[in-house]
Amino acid sequence: MTVNSKLLLRLIKSSMDKSRHVRIPFLFVGVFTIMTFYIIASMVFSDFLIRDGKDVFYGATQISMILMIGCFVIALISTVVILYANAFVMKDRRREIGLYGILGLTKKSIVLMLFYETVIHLVICLGGGLLIGSFLNKLMVLILYKLAGEPPVNGFVFSVYSIGLTVILYLLIYAICFIYNVFSIQISKPVELIRSRETGEKEPKAKKVTLIIGVATLAVGYYYAINCESTFDSFNTLFIAIIMVVMATYCLFTAGTIALLKAIKKNKKLYYKTGNFVGVANLMYRMKHNAVGLASICILSTAVIILISCVVSLVALSERTLDRKFPSDVMIYYASDESEVAERFNETVEDIDYLEAEKIETRDLWTTSWLQSAEDETGEFSYMSEMDYFDINSWRTIYIVTQNTYNRFADEPINLNEGEVCIADTANNDYSYLSCGDVYYTASEEKLDQDVMKPFTDPTMDLIVGVYIIVPDEATGFDIVKNDPAVVSTRGSEYEKNYVSSFNLRKDISDEERADIRNRLSAIVANADISFREEDEQFFKSLYGGVMFVGVFLAIIFAMVTVLIIYYKQMSEGYEDNGRYQILKKVGLTENEVIRSINRQVMIMFFLPIAAAAVHAVVASNIIRLFMKMLLYVDAFTFNMAIFGSVMFFAVIYCVVYRITSKQYYKIVSFDMTK
């Protein structure tokens, strides 16, 4: 039977009214993802970051790149979550579509009806998403500017390119949804669609191969995460660990839970109890249908926890990162073989009348890079060849300072004998000697204060272990470095040393004054590297502001997707469990026993993913912390507290979602239980 468009539209309207419980969340997800993608895309392609090929403010290019990555992630998440929600909507409508077929509606008419529905969904979601996004994108720009430390801007955020990109992306996503819907009805007969909920099921089988893969991949992923010790290693191993743990999570939820329940079933004393008998039997079928959804909730929950932890760490540690790089307001690094160069720097700074500088200091030292590959021979180093530059984990940045220079800044002076050095490193190793090439010195038992050495160090080399060596006199320092081929080939003179000059400012200075200071100081030593805290502070704020902005956005999206999956899972289980518990009541189970069984199963199913996510996040904390050290200074205590706080915060949100969605579940299950 063919039907006209008016009748199809009436059927669509009737269907939407009856299935509001699944349609409204589906439309909400579409509007939210479109709105989010459009806001991020409009910020990338508007003039508020890059104008005429130039940064609007310092660090805008980096923010734009981070936002582009955010666009890609949001597009990927949007595709997955919309397809997931669409699949659930179609599953809920299988009986309805089967009934249309029984009543004589042709598949061509049903396909046309599905096409109209898809167009209606797309129009509502695109219209709502773009409209809300257009109102909110200026607010998002203002928030981003606030995080980046920039003054508010005027004007409206609008990008035709962003609208076109958004429309094309979501046209493709909803086209895939339509193709899936058509394919799902083409392979089924109307009677099969109507009886889809009543079809009997076989007990799920224990998939031993999947279980073994899950255990193996989890062990590999956890091993990489726990045993990663280098920031450079974390860049490669992080992605390997993520892939392994994601694979393990899906394998263990699909096979591991079934295997565990079957093991409980074999234990007759434990299994043949009223509560356990019903609970274990039902949990098997629940896991069969919901294992993938639960694994997805676990992965998304882990992502939310880690993203929140990273954002909290950025807020807590950004200022300390600046303090680490800038012990003083102005830092000058240079090399010279003239012993009077430090005095000339200090005199030049004092002569700049508008500067009003204070705490003018200069530290002299030698720096080089060595290798330390033999961990069981602490104290034995080797010189670096060209091939050794690929072995980054063995690099050691060497800082050599005379005891006179060190004692000028230390509270507890060091007194060294001839042939003796004081040595320590940022990895807190213990040294008994120092050996490199022809150099050999005994390590002093005196303790070196590493805080005194921090102003001597190069903050751009923090990713590499730093080794601090205090020598008794300049002759010893030159003796150590003159044998190093790398130093000999690069230094301008046999007596060249490195210097770190610094001073604080009593007042803010203008851009013109900063340029004048650079010119005066560069005239003393041409290779001087002059950095102002105020300039880098703006760059850090811009970079961290962009990372924080995208991180919060992604955390919200992941949380929204998690809530959606939980909602649909609860709805799906409610409709499936309604019939099962009617049967249990008829065979003699009391209503209290049924309710207790429901509560136990729902609690296990609901809180299993968050428990696994918390374990994943704790295990991942080490490698995530090392990875973040590429952006900022991260100490283990602060980051671990951020992880703990994020787990607690997300657990509270998760419990709220549980209370809300479980009410809907109980309402569905108990719909006919009073009869």
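Overview of values
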read-out	value
Under Karplus coefficients 6.51, -1.76 and 1.60, residue-wise ³J(HN,Hα) of region 219-230 in Hz, glycine/proline x	5, 5, x, 5, 4, 4, 5, 7, 8, 5, 10, 10
Residue-by-residue Karplus 3J(HN,Hα) for region 296-307, coefficients 6.51, -1.76, 1.60, Hz, glycine and proline x	5, 4, 4, 5, 5, 5, 4, 4, 5, 4, 5, 4
Cβ-defined net charge surrounding F539, 13 Å radius [Lys, Arg +1; Asp, Glu -1]	-3
Residues with amide H under 5 Å from that of Y433, placed H, sequence gap 5 or more	A443
For region 326-435: accessible area per residue (Å², 1.4 Å)	51
Exposure ranking of D536, D511, D425, D438 by accessible area [1.4 Å probe, largest first]	D438, D511, D536, D425
Listed residues V111, V330, V56 arranged by accessible area, highest first, probe 1.4 Å	V56, V111, V330
Amide proton proximity set for S19, modelled H, under 5 Å, gap of 5+	none
GluC sites (Glu not before Pro) restricted to DSSP loop in region 494-542 with at most 15 other C-beta within 10 Å	E494
Alpha carbon Rg of region 435-535, scaled by the compact-globule rule 2.2 N^0.38 Å	1.38
Two-site FRET efficiency, L9 against Y223, from Cβ-Cβ distance with R₀ of 56 Å, rounded to 0.05	0.45
Carbon/sulfur fraction of accessible area - region 291-370, other protein chains in place, 1.4 Å, %	48
From phi via Karplus (6.51, -1.76, 1.60), per-residue ³J(HN,Hα) for region 633-645 in Hz, x at Gly/Pro	6, 10, 9, 4, 4, 4, 5, 5, 5, 5, 4, 4, x
Accessible-area composition of region 493-560, carbon plus sulfur, in percent [1.4 Å probe]	50
Nearest-10 value in Å² for the accessible area of D430, using the 1.4 Å probe	130
Residue order for Y658, Y399, Y333 - accessible surface, 1.4 angstrom probe, largest first	Y333, Y658, Y399
Solvent-accessible surface (1.4 angstrom probe) belonging to M461, in square angstrom, nearest 10	50
For peptides 400-409, 520-529, sequence by mean Cβ density within 10 Å, most packed first	400-409, 520-529
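The values are calculated or read from the model by the stated rules, or taken from the named source; none is laboratory data. All of these numbers come straight from a predicted model, not from anything done at the bench. With ideal geometry, Cβ positions are generated from the backbone for all residues, glycine too; neighbour counts draw on all protein chains shown. For the accessible areas, the whole protein counts, side chains as well, though only heavy atoms, and no ligand, DNA or RNA atoms are used. Shrake-Rupley method; radii C 1.70, N 1.55, O 1.52, S 1.80 Å.
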